[in-house]
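Scroll down for the structure; my scribbles are underneath it.
Computed from the coordinates by the stated procedures, all read-outs in this text should not be read as laboratory data. The structure presented is a predicted model; accordingly, all values stated were derived computationally and were not measured. Note that we place each Cβ from the backbone using ideal geometry, even for glycine, and neighbour counts take in every protein chain shown.
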């Protein structure tokens, strides 16, 4: 049986450092199906930019931890100039993937077109919107 793809946004990968929530255990708790975690290469580029140029040391540290966590995921190499949100929506649609993001506008857009979304709820746990 094919695994369900779960695509992670940069802000989602930063949750463990910022809120002490284990995104891997929480995702496992929410998804009753076999799945594979993926990160699009522009997400890694964004995290590297945050790590190198953020004025906030906590944000830099969170980006560094997020980059390490991304090692547990399959990286999808993409060469594009499209905005990251657009890439995430497009990838999720084309692969019937679950989208993991804390970006309110991105989550809303994804839900409007039927993409299931996992996000941080009450800074303490993850929640799934939509059906798998």
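A few comments on the model shown:
- Packing-based ranking of 89-99, 20-30 yields 89-99, 20-30, ordered from highest to lowest mean Cβ neighbour count within 10 Å.
- The relative contact order of the chain comes to 31 percent, based on Cα pairs under 8 Å that sit 6 or more residues apart.
- Beta bridges per DSSP with both ends in the chain, % antiparallel, nearest 5: 30 percent
- Between the C-alpha center of segment 1-56 and that of segment 77-124 there is a gap of 11 Å.
- Using the rule -39500 (n - 2.57) for each DSSP H run of four or more residues, divided by the residues of the chain, the 222 nm mean residue ellipticity is -13500 deg cm²/dmol.
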